[in-house]
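Novice: Let me begin by handing over the structure; questions about it come next.
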Amino acid sequence: MKYVQIVVFLLAVSMTFGANALTMQDLFRALKKQPVTKVDALNVKSLSYARKKTLSEFYPKIYGIASYEHYNSPVSLRPITPTESAEITRTGGSFAFSKDILSLGLKVDVPVFVYPLFALTKKALMLQDSARARKRLNFIRNEATIVVLNARLEYLQSLKRALRARIASLNAQLRTLKIAVKNGRAAGVSLLKIRNMIDQLTMQIDQIDSSEKAVVSAIETLTSIRLSKPVPMREVSSVKTGTLYSLKPLVDSLKAQSYEIEAKKGRLYPSVYLQASVFRKFGTAYNTGDSVTKNFGSVGVYLQVPLFDKTIYTDIQKAKSDYLKKRFQLEQTRLALLSEAGKLRSQLAILEHSVVLAQKRVENQKKLLKYAKVAFGLGRMTEEEFLRYESELVQAQADLYDLRVKKWEIITRLAVIYGNNLEEIVR
């Protein structure tokens with residue numbers, strides 16, 4: 001029995017250690033395995049196949065062909081020369097003319113020069129690059145969401161601990177006050193005021209519990225990990241500013257659209273194809289009824305020139321319109337991101353100073369509450385004044401925790417704008 005208890009104890013200790021050992025890197029690694037991340041990877045893979053499909057247009061196309069044809073009058077299995085016809089007539093042979101013809105053969109199409117294919121290949125490459133950038137950005141956004149949610153979980157649990165500490169403090173005062181009321185040194189209404197404050201704080205804790213469950217559920221959705229407490233995290237590196245990486249998917253998409261215009265215009269250029277075929281044809285000679293077999297092959301180079309095709313001009317105009325639309329959207333997004341990044345950097349500097357002030361405020365409120373307890377115990381302070389000190393300490397702590405959450409929100413937003421992987425910023 002003692003042995004079983006030891007095993008249970010060791011298991012409990014190991015589970016606790018495992019929970020404590022959980023890091024932000026574990027959450028980020030878990031994110032990589034989630035469907036939301038794998039979908040983006042599959043999008044990139046799908047576009048790589050689209051690029052390969054475009055490249056495959058440069059390769060020859062080979063077809064195996066089999067056919068059966070019936071005519072109302074005999075036709076030649078292949079073109080026949082005058083000398084060959086004369087020889088068959090002289091010898092009384094079988095003419096390769098038949099009403100029923102069976103053909104077996106191969107056909108080869110080779111694009112020698114088709115200008116739109118070059119532009120379409122570049123377009124496919126740009127779309128693939130755009131998908132890669134979007135995949136990276138989506139992952140960073142999800143990392144940012146995890147960091148902010150974890151910070152909010154820390155805020156909620158810290159606030160809850162502060163509220164519970166205040167409730168414990170109020171209960172201690174309540175016990176002292178009960179004695180004073182019993183001895184006639186304090187009014188009974190004082191007990192009601194403190195109990196009312198305890199009930200209000202308890203209701204706040206209930207609301208925090210509900211918010212905490214929602215945050216835990218959101219983290220679990222992204223990582224499949226259910227946290228019982230926030231993961232410790234700290235900033236180990238600043239966000240590297242410079243290129244607005246958030247624009248890269250749009251920039252690559254705009255380049256792809258420019259190649260789309262080039263491809264549409266390329267349809268106006270001549271195209272050169274090489275075509276070759278070889279057939280073996282079977283039939284029944286109309287003049288003798290004998291079976292005849294003939295081989296027939298050809299190879300040719302063909303120049304195709306679009307003299308007039310109204311749809312080409314319409315497609316070019318539409319492609320140009322789409323390009324201008326994307327270019328203006330890109331420029332508008334660039335201006336918005338530059339403005340937001342500047343604002344966030346300014347806010348971050350102010351916020352760091354505010355956090356220092358908020359920490360000092362909390363320390364000061366703790367000291368003031370300590371003095372207020374003494375004054376209240378000596379009867380030199382009313383219940384309302386004492387409760388105000390309690391409330392101000394809770395508010396100061398809540399403001400500090402809220403500033404920390406806002407700081408993480410700004411850091412993660414800047415990381416997304418500049419494409420910084422949060423694995424390198426948060427530990």
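Conditions (1) modelled with pLDDT under 95; (2) farther than 30 Å from GLY419 by Cα; (3) outside the structural domain of PHE282 (by TED's automatic domain parsing), marked per residue:
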{"site": "THR81", "(1), (2), (3)": "yes, yes, no"}
{"site": "THR89", "(1), (2), (3)": "yes, yes, no"}
{"site": "PHE118", "(1), (2), (3)": "yes, yes, yes"}
{"site": "PHE139", "(1), (2), (3)": "no, no, yes"}
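Novice: Quick test for you: out of LYS294, LYS310, pick the one residue that is more than 30 Å from TYR155 (Cα to Cα), basic (Lys, Arg), at pLDDT below 95 and surrounded by fewer than 13 Cβ atoms within 10 Å (Cβ to Cβ). So that I can check it myself, show each step before the final result.
Specialist: Numbers: LYS294 fails: surrounded by fewer than 13 Cβ atoms within 10 Å (Cβ to Cβ).
Checking each option against the conditions leaves just LYS310.
Novice: While we're on this one: For GLU220, are the conditions met, namely being without any contact (Cβ under 8 Å) to a residue 60 or more places away in the chain and charged (D, E, K, R)?
Specialist: Values: without any contact (Cβ under 8 Å) to a residue 60 or more places away in the chain: yes; charged (D, E, K, R): yes.
Spelling it out, GLU220 is indeed without any contact (Cβ under 8 Å) to a residue 60 or more places away in the chain and charged (D, E, K, R).
Residue-wise test of (1) free of Cβ contacts under 8 Å to residues at least 40 places away in the same chain; (2) assigned to a loop (DSSP other than H, G, I, E, B); (3) of a type outside the set (A, V, I, L, M, F, W, C); (4) in contact with a Phe, Trp or Tyr (Cβ under 6 Å, 6 or more places away or on another chain).
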{"position": "LEU192", "(1), (2), (3), (4)": "yes, no, no, no"}
{"position": "ILE198", "(1), (2), (3), (4)": "yes, no, no, no"}
{"position": "ASP206", "(1), (2), (3), (4)": "yes, no, yes, no"}
{"position": "GLU212", "(1), (2), (3), (4)": "no, no, yes, no"}
{"position": "ILE225", "(1), (2), (3), (4)": "no, yes, no, no"}
{"position": "SER246", "(1), (2), (3), (4)": "no, no, yes, no"}
{"position": "LEU254", "(1), (2), (3), (4)": "no, no, no, no"}
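Novice: Collect the residues in region 182-228 that are surrounded by fewer than 16 Cβ atoms within 10 Å (Cβ to Cβ), hydrophobic (A, V, I, L, M, F, W, C) and more than 54 Å from the chain's Cα centre (by Cα), keeping them in residue-number order.
Specialist: Scanning region 182-228 gives ALA187, VAL189, LEU192.
Novice: Restricting attention to region 372-394, which residues are over 54 Å from the mean Cα position of the chain (by Cα) and either free of Cβ contacts under 8 Å to residues at least 60 places away in the same chain or surrounded by fewer than 13 Cβ atoms within 10 Å (Cβ to Cβ) (or both)? If you could, list the steps in order and put the result at the bottom.
Specialist: Initial filter on region 372-394 (over 54 Å from the mean Cα position of the chain (by Cα)): 374-383.
Across region 372-394, the qualifying residues are VAL374, ALA375, LEU378, GLY379, ARG380, MET381, THR382.
Novice: Oh, and also: Sort out which residues of region 270-291 are closer than 25 Å to LYS107 by Cβ and part of a loop (DSSP other than H, G, I, E, B), and write them in order of number.
Specialist: PRO270
Novice: Is there a residue being closer than 20 Å to PRO79 by Cα, touching a Leu at 6+ places or on another chain (Cβ under 9 Å) and surrounded by 12 or more Cβ atoms within 10 Å (Cβ to Cβ) anywhere in region 252-268? So that I can check it myself, show each step before the final result.
Specialist: First pass over region 252-268, keeping only residues closer than 20 Å to PRO79 by Cα: none.
Looking for residues that are closer than 20 Å to PRO79 by Cα, touching a Leu at 6+ places or on another chain (Cβ under 9 Å) and surrounded by 12 or more Cβ atoms within 10 Å (Cβ to Cβ), one finds none in region 252-268, hence no.
Novice: Among what's in region 411-427 and is outside any helix (DSSP H, G or I) and among the hydrophobic types (A, V, I, L, M, F, W, C), pick the residue that is nearest to SER237 (Cα to Cα).
Specialist: Keep residues of region 411-427 that are outside any helix (DSSP H, G or I), which gives 419-421, 425-427.
Next, from what is left, pick out any that are among the hydrophobic types (A, V, I, L, M, F, W, C): 425-426.
Values: ILE425: 5, VAL426: 7 Å.
Restricting to residues being outside any helix (DSSP H, G or I) and among the hydrophobic types (A, V, I, L, M, F, W, C), the top hit is ILE425.
Novice: Would you point out the residue of region 229-239, among those that are surrounded by fewer than 18 Cβ atoms within 10 Å (Cβ to Cβ) and in contact with an Asp or Glu (Cβ under 9 Å, 6 or more places away or on another chain), that is farthest from ARG136 (Cα to Cα)? Walk me through it before giving the result.
Specialist: First pass over region 229-239, keeping only residues surrounded by fewer than 18 Cβ atoms within 10 Å (Cβ to Cβ): 229, 232, 234-238.
Still in the running and in contact with an Asp or Glu (Cβ under 9 Å, 6 or more places away or on another chain): 229, 232, 236-237.
Numbers: LYS229: 28, PRO232: 25, VAL236: 21, SER237: 19 Å.
Only one residue tops the list, namely LYS229.
Novice: Also, I was wondering about something else. For LEU368, state whether it is of a type outside the set (Ser, Thr, Tyr), surrounded by 18 or more Cβ atoms within 10 Å (Cβ to Cβ), in contact with a helix residue (DSSP H, G or I) (Cβ under 9 Å, 6 or more places away or on another chain) and more than 22 Å from GLU154 (Cβ to Cβ). Spell out how you get there, then give the answer.
Specialist: Details: of a type outside the set (Ser, Thr, Tyr): yes; surrounded by 18 or more Cβ atoms within 10 Å (Cβ to Cβ): no; in contact with a helix residue (DSSP H, G or I) (Cβ under 9 Å, 6 or more places away or on another chain): yes; more than 22 Å from GLU154 (Cβ to Cβ): yes.
So LEU368 fails the test.
Novice: Can you tell me which residue among LEU400, LEU422, LEU368 is more than 30 Å from LEU174 (Cβ to Cβ), touching a residue at least 24 places away in the same chain (Cβ under 8 Å) and not β-branched (Val, Ile, Thr)? Break it down stepwise before answering.
Specialist: Numbers: LEU400 fails: more than 30 Å from LEU174 (Cβ to Cβ); LEU368 fails: more than 30 Å from LEU174 (Cβ to Cβ).
Answer to the check: LEU422.
The values are calculated or read from the model by the stated rules, or taken from the named source; none is laboratory data. Here the structure is a predicted model, which is why all the values come from computation and not from measurement. For neighbour counting, all protein chains shown are included, and Cβ atoms are generated from backbone atoms with ideal geometry for every residue, glycine included.
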